[in-house]
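The values are calculated or read from the model by the stated rules, or taken from the named source; none is laboratory data. Treat the numbers as computed from the prediction; the structure is a model and nothing was measured. Heads up, the Cβs are rebuilt from the backbone with ideal geometry, glycines too, and the neighbour counts pull from every protein chain shown. Protein only, heavy atoms only, side chains kept; ligands, DNA and RNA dropped before computing areas. Shrake-Rupley method; radii C 1.70, N 1.55, O 1.52, S 1.80 Å.
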Amino acid sequence: MTSTPATTPDLLEKVTNLAKRRGFIFPSAEIYGGFRSTYDYGPLGVNMLGNVKRAWWRSMVQMRSDIVGLDAAILGPPAIWAASGHLETFTDPLVDCKKCKERWREDKIDGVCPNCGSTKFTEPRAFNLMFKTQAGPVEGEGATAYLRPETAQGIFTNFANVLATVRKKPPFGIAQIGKSFRNEITPQNFVFRTREFEQMEMEYFVAPADADQWYRYWIATRLAWYLDLGIPEEQLRLHEHAQEDLSHYSRGTTDVEFAFPWGWDELEGVANRGDYDLTQHANASGVALDYFDQTTKERYTPFVIEPAAGATRAMMAFLLAAYHEDVVEGESRTVLRLDWRLAPYQVAVLPLSKKSELEDVSREVLELLQPHFMCDYDVTQSIGRRYRRQDEVGTPYCVTVDFATLEDRAVTVRDRDTTAQVRVPIGELLASLRERTGQS
Ligand code: GAP
């Protein structure tokens, strides 16, 4: 078997095409010509994105006793965003090309219009990236609301609620997954930068003296998460921001970067936010957002270490890293070498033919596996074509029911990566698949 390296010049196009063709990601409102870099997640995409989020929740909440979850509102009053600094500073420098009138983010174009090549632009002006809307039927300032541009602020505004209800003490964290919205000037590169996206953020509250140690801990822990889910080491790196590039709230930020087809770019940011957010919200709301340590009798405002990832961006990186073109026994195939935890389907049950005796046993096998694995069931086309289709969407195991099954009550299990096939009795199938996926 030969394999091409994952990053080829046309990789982005290939993955974008595959994502659409096989039901991962569709351009939104496509029947109306699409809508401004928004995307819909199709039957396979919603499975995979769910798996990315589940893998994050498992490692950040389920497997820990120091982190709890939260699901805060998307709409928020201006007071939150005034206190957080977003109303004033969450801006990008907007310029207009004087020749073709296209609008660009000044810091992304190196002084040359990507549309017409002109170097003449208007003076940059600060463009706030938040989506502003009205809550309720009354117009006017009292009804102004914003769609959150990050999930983090809902965590800070609930700090006292959580502290009072779950009896945690620093170091402890609050995790949240959900949609965020930014009116990006130039959304680009498929789902890498979109105006509506999903974040997976965790705010970890620590004693100020311990902040640096936890900052380092979370950088290493988050890098390890991507490695564990199958992104090769050489496609990941850490990038520490220079002091002058830090966000308004940050005392230090390190990005986990991925080798995207256009070069290294941010996958996730890990920031030491200091006591900025809790202090700002405490001052603006008049509610104390600090912690009293019973043992030392000290009251302090915790520092916050924040690993902030994009769920949709992470899914894109997992797809890019998994994409391979193989030649198996002289035949070329496309294969997504996704970790089984991320694959849209973990098992495909394939009756060799549409004959009803085979379908009956196949349904029995499907029902045996469905409570434990996300399964596909496919009876159309030749078995070779069906294997290729499952390879292309990253299904780790195909279970084929053939005429011999009717005699020996055994099925063929085919491994996506090696294409090796083994015969397994139906009675041992569940245990065998569990063992293969490291669950036993
Ligand atoms: N609370 C901190 C925060 O939001 P950020 O670096 O602006 O930090 C965190 O965002 C992560 O969210 C990014 O690393 C990226 O994965 C994802 N993200 C940010 N803007 C995005 C966009 N327009 N489209 C898709 N993902 C985005």
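Using 19 Å as the Cα-Cα cut-off, could you pick out the over-long pairs in Lys108/Lys179; Lys132/Lys179; Lys53/Lys179; Lys99/Lys120?
On the way: Lys108/Lys179 25 Å; Lys132/Lys179 15 Å; Lys53/Lys179 12 Å; Lys99/Lys120 7 Å.
Lys108/Lys179, as the Cα separations exceed 19 Å there.
Which length gain, in nm to one decimal place, applies between Glu30 and Asp360 when the Cα-Cα distance is subtracted from 0.36 nm times their residue separation? Mind dumping the intermediate values first?
Details: separation 330, 0.36 × 330 = 118.80 nm, distance 3.88 nm.
Here the segment from Glu30 to Asp360 would lengthen by 114.9 nm.
Give the accessible surface of the chain per residue, rounded to a whole number of Å², with probe radius 1.4 Å and ligands, DNA and RNA excluded.
On the way: 20750 Å² over 440 residues.
For the chain, the solvent-accessible area averages 47 Å² per residue.
Check the straight Cα-Cα distances from Lys297 and name the lysines below 20 Å, setting aside those fewer than 8 residues away within the same chain.
Output for Lys297: Lys168, Lys169.
Given points 7 Å out from each Cα along the Cα-Cβ axis, report the Val68 to Ser382 separation in nanometres with one decimal.
5.9
Roughly how much of Lys132 is accessible, in Å² to the nearest 10, using a 1.4 Å probe?
Answer for Lys132: close to 130 Å² accessible.
Can you give me the Rg/Rh ratio for the chain, using Cα atoms for both radii and the Kirkwood formula for Rh?
Details: Rg = 25.0 Å, Rh = 24.4 Å.
Reported Rg/Rh, Kirkwood definition of Rh: 1.02.
Over what distance in Å are the Cα centres of the stretch 130-197 and the stretch 24-85 separated?
Between the Cα centre of the stretch 130-197 and that of the stretch 24-85, the gap is 11 Å.
Quick one: with all protein chains in place, what share of the accessible area of the chain is carbon or sulfur, to the nearest percent (1.4 Å probe)? Display every interim value, and only then the final one.
Working: 10370 of 20750 Å².
Answer for the chain: carbon and sulfur cover 50 percent of the accessible area.
Using alpha carbons only, how many degrees (0 to 90, rounded to 10) separate the axis of helix 426-436 from the longest principal axis of the chain?
40
Any idea what the relative contact order of the chain is, in percent, if you count C-alpha pairs under 8 Å spaced at least 6 apart?
On the way: 809 pairs, mean separation 62.9, N = 440.
The normalised contact order for the chain reaches 14 percent.
Under 14 Å from the Cα of Lys98, which aspartates and glutamates turn up, not counting those fewer than eight places away in the same chain?
In chain and number order, the partners are Glu106, Glu123.
Return a whole-number percent for the relative contact order of the stretch 345-436, with Cα pairs under 8 Å and 6 or more residues apart as the contact set. Working shown, then result.
Details: 142 pairs, mean separation 27.0, N = 92.
Relative contact order for the stretch 345-436 comes out at 29 percent.
In degrees between 0 and 90, to the nearest 10, how far off the longest principal axis of the chain does helix 211-228 point, with axes built from Cα atoms?
20
On a 0 to 90° scale, report how tilted helix 356-369 is relative to the longest principal axis of the chain, with both axes built from alpha carbons and the result rounded to the nearest 10.
The angle comes out near 40 degrees.
In whole Å and largest first, what semi-axes does the C-alpha gyration tensor of the stretch 345-436 yield when each eigenvalue is scaled by 5 and square-rooted?
On the way: eigenvalues 58, 49, 30 Å².
Semi-axes from the Cα gyration tensor: 17, 16, 12 Å.
Report, in whole Å, the centroid distance computed from the Cα atoms of the stretch 286-303 and the stretch 379-440.
Centre-to-centre distance over Cα atoms comes out at 57 Å.
Quickly estimate the mean residue ellipticity at 222 nm for the chain, helices only: each DSSP H run with n ≥ 4 gives -39500 (n - 2.57), and the total goes over all residues, rounded to 500. Present the calculation step by step, with values, prior to reporting the outcome.
Values: 13 runs with 132 residues, N = 440.
Value at 222 nm, helices only: -9000 deg cm²/dmol.
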